[in-house]
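Single-structure report; data block below.
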Amino acid sequence: MASPPIAWTVAGSDSGGGAGLQADLRAFDAFDVHGCSAVAALTAQHSRAVERIEAVSPQMLQAQLAVLAADLPPRVVKTGMLGSAVNVEVVARCIDALRAAHPLSGVALVVDPVLGASSGASFADDAVLRAIREHLLPRATLVTPNRHEAARLLGLPVLADAAAVEHAARALQAQGPRAVAITGGDAATAAQAADSEDYLLAPQAEGWLALPRLDTPHHHGSGCTYASAAAAALAHGFAEAEAVVLAKMATHHALRHGYAAGSGAGPVHARAGFARDTGNLPSLRLSGAPSGFAPLAQPDMGLYAIVDDAGWVYRMLEAGVRTVQLRIKDAGAHELRHEIRRAVAAARAAGAQLFVNDHWQFALQEGAYGVHLGQEDLQAADLPRIAAAGLRLGVSTHAYWEVCRAWALRPSYIACGPIHATQSKAMPWIAQGEDNLAYWCGLLPLPVVAIGGMDVPRTRRARACGAAGVAVMSAITAAADPQRAAQALLRAAAQAGPRHPGPPRARPTLA
């Protein structure tokens with residue numbers, strides 16, 4: 001059995017067991033990460049208040065970090081309350097030393113700028129604030145302040161609206177972090193808001209991550225859990241945007257399982273299983289986009305053939321295929337309209353589902369059954385108009401944050417890939433594999449289409465993973481006998497038998 005990755009938390013100890021190091025280690029455990037801890041501060045607190053805070057000496061903090069570095073080097077270091085400006089500098093020097101000692105693997109740094117308690121206690125004076133800005137932000141992989149903390153770090157007034165939060169995220173990123181996640185649990189209107197929204201700004205993606213707000217008195221340690229969950233995901237090799245999505249999921253799950261301990265706010269309970277619950281999957285919303293497209297008439301799509309002209313559509317329909325995508329990349333407007341019109345007429349006569357790739361305007365004008373859009377096309381397409389016309393929508397996804405963006409739309413289906421390496425389209429993505437396919441099929445309550453490198457044996461396995469459709473291009477169009485190839489794939493796709501999904505695996509991307 002492979003050893004779990006190692007992550008460190010350098011933070012304060014909560015004598016009441018709800019936040020700080022104690023919450024961090026619970027979050028690490030939920031991700032199957034071995035957690036090490038260096039105590040930077042001691043607190044005397046219970047569920048109602050923080051009575052006293054005492055920073056450990058810089059010498060003691062340095063000693064803890066040194067012994068850990070000698071035997072248990074981390075993939076990620078997560079910081080919380082550090083107690084003093086000198087301790088901030090000690091941690092910064094440790095990060096530099098770790099990165100120098102491990103230049104190939106690297107060491108990520110997640111900074112949770114714990115500046116105060118929800119009860120009102122202050123954890124950081126002006127000297128600590130300056131030290132965080134000067135020594136930690138330039139070294140950070142990810143910083144996870146709430147709105148109040150983001151404002152204090154930047155010397156700004158309260159972040160009262162979405163525009164102010166987005167501006168703050170960019171200002172923080174300009175100070176050095178690769179990624180920023182400003183959480184929204186402390187927003188002034190939080191009690192009235194239907195959703196809990198965090199603003200994500202990462203090399204891979206940006207936008208508002210939303211989940212329904214949970215009405216619970218037991219929220220102690222939610223910020224620590226969020227940052228530590230993100231750190232644990234980074235330790236497993238997830239990219240920053242994916243790590244934040246997983247942190248949002250894990251924290252929502254922990255809030256759902258919070259419990260009373262003492263007479264005040266009880267702790268959240270980070271636990272395994274968060275990634276298999278659809279209720280924890282956030283939306284990465286697009287401004288003004290609708291949510292809810294028409295369902296498929298034939299949700300069990302089987303073989304989903306992708307072809308590049310109307311002639312190929314005819315051939316696929318004659319072979320018995322009943323879900324086809326017309327993907328034309330290089331053609332003038334007149335030719336595009338002509339090909340789409342012919343393909344729509346043929347599919348309608350055969351009772352088949354025809355999706356037009358990208359060219360949603362012509363699909364609307366010619367009455368196509370649906371459109372398929374890549375992530376880069378979602379911003380440009382008139383999604384409200386597509387939904388109002390009753391067209392079905394399919395969306396391509398390659399990573400967690402893209403699934404969240406698609407999930408926000410509640411499309412007719414989501415395509416996940418590449419499942420295997422493919423030569424039909426150059427993409428900067430590492431193949432997801434069948435374990436991730438099974439995971440998405442088990443998590444998403446709508447049809448999932450597997451795409452990328454499919455042949456007959458892989459089609460059978462994709463269907464066994466639970467895929468509603470298996471998208472194939474080269475295995476048909478490049479075959480010596482396309483008709484026979486399509487019929488063999490149709491037989492393979494007819495063999496369905498979903499298996500239980502495993503946990504998600506890291507799918508690092510070329511950022």
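Can you name the residue in the stretch 297-316 that is touching a Lys or Arg at 6+ places or on another chain (Cβ under 6 Å) and within 24 Å of A467 (Cα to Cα) and is also surrounded by the most Cβ atoms within 10 Å (Cβ to Cβ) among such residues? Give the steps one after another, and end with the answer.
Start the filter on the stretch 297-316 by keeping residues that are touching a Lys or Arg at 6+ places or on another chain (Cβ under 6 Å), which leaves 306, 308, 310.
Remaining after also requiring within 24 Å of A467 (Cα to Cα): 306, 308.
On the way: I306: 23, D308: 18.
Checked the stretch 297-316; the qualifying residue surrounded by the most Cβ atoms within 10 Å (Cβ to Cβ) is I306.
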Evaluate the following for N280: is it assigned by TED's automatic domain parsing to the domain that holds R392, within 25 Å of Q204 (Cα to Cα), among the polar types (S, T, N, Q) and in contact with a His (Cβ under 8 Å, 6 or more places away or on another chain)? no
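Scan the stretch 345-362 residue by residue and report those that are part of a helix (DSSP H, G or I), within 17 Å of S412 (Cβ to Cβ) and in contact with a Phe, Trp or Tyr (Cβ under 8 Å, 6 or more places away or on another chain). Working first, answer last.
The first filter runs over the stretch 345-362 and keeps only residues part of a helix (DSSP H, G or I), leaving 345-350, 360-362.
Right, trim to within 17 Å of S412 (Cβ to Cβ) and you get 347, 360.
Within the stretch 345-362, A347 is the sole residue that qualifies.
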Given the residues A272, A243, A231, which is the only one that is of a type in the set (A, V, I, L, M, F, W, C), assigned to a loop (DSSP other than H, G, I, E, B) and more than 30 Å from R385 (Cα to Cα)? A272
With respect to the numbered conditions (1) closer than 22 Å to P177 by Cβ; (2) touching a helix residue (DSSP H, G or I) at 6+ places or on another chain (Cβ under 7 Å), which one is the sole condition not fulfilled by A30? (1)
Just name the residue that is surrounded by the fewest Cβ atoms within 10 Å (Cβ to Cβ) out of those in the stretch 317-365 that are acidic (D, E) and in contact (Cβ under 8 Å) with a residue 24 or more places away in the chain. E318
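Condition test on G370, is it touching a residue at least 40 places away in the same chain (Cβ under 8 Å) and more than 23 Å from P282 (Cα to Cα)? Write out each step before concluding.
Values: touching a residue at least 40 places away in the same chain (Cβ under 8 Å): yes; more than 23 Å from P282 (Cα to Cα): yes.
Against the criterion (touching a residue at least 40 places away in the same chain (Cβ under 8 Å) and more than 23 Å from P282 (Cα to Cα)), G370 qualifies.
With respect to V245, determine if the residue is buried (at least 21 other Cβ atoms within 10 Å of the Cβ), closer than 29 Å to Q379 by Cβ and touching a helix residue (DSSP H, G or I) at 6+ places or on another chain (Cβ under 9 Å).
For V245, the condition - buried (at least 21 other Cβ atoms within 10 Å of the Cβ), closer than 29 Å to Q379 by Cβ and touching a helix residue (DSSP H, G or I) at 6+ places or on another chain (Cβ under 9 Å) - is met.
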So, in the stretch 1-60, exactly how many residues are more than 19 Å from A232 (Cα to Cα), in contact with a His (Cβ under 9 Å, 6 or more places away or on another chain) and of a type outside the set (G, A, S)? 1
Can you spot a residue in the stretch 169-180 that is closer than 25 Å to N436 by Cα and of a type in the set (A, V, I, L, M, F, W, C)? yes
Inspect the stretch 432-441 for any residue being touching a helix residue (DSSP H, G or I) at 6+ places or on another chain (Cβ under 9 Å), assigned to a helix (DSSP H, G or I), of a type in the set (S, T, Y) and over 23 Å from F238 (Cβ atoms) and give the result as yes or no. no
Please verify whether the stretch 435-449 includes one or more residues that are at positive phi and either within 19 Å of the chain's Cα centre (by Cα) or modelled with pLDDT of 95 or more (or both). no
Just to check your reading of the model, which residue among G302, G311 is under 37 Å from the mean Cα position of the chain (by Cα) and at pLDDT 95 or above? G302
In the stretch 157-187, the residues that are touching a residue at least 40 places away in the same chain (Cβ under 8 Å) and either buried (at least 23 other Cβ atoms within 10 Å of the Cβ) or over 21 Å from the mean Cα position of the chain (by Cα) (or both): Q175, P177, A179, A181, T183, D186, A187
Given the criteria at positive phi and in contact with a Leu (Cβ under 7 Å, 6 or more places away or on another chain), does G262 qualify? no
State whether the residues of the stretch 6-19 include one that is among the small types (G, A, S), in a helix (DSSP H, G or I), within 32 Å of the chain's Cα centre (by Cα) and surrounded by 22 or more Cβ atoms within 10 Å (Cβ to Cβ). no
Quick check: anything in the stretch 216-227 in a loop (DSSP other than H, G, I, E, B), surrounded by 24 or more Cβ atoms within 10 Å (Cβ to Cβ) and in the same structural domain as G18 (by TED's automatic domain parsing)? yes
Any chance V39 is surrounded by fewer than 22 Cβ atoms within 10 Å (Cβ to Cβ) and assigned to a strand (DSSP E or B): yes
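The values are calculated or read from the model by the stated rules, or taken from the named source; none is laboratory data. For clarity, every value in this text was computed on a predicted model and none was experimentally measured. All Cβ positions, glycine included, derive from the backbone under ideal geometry; neighbour counts span all protein chains shown.
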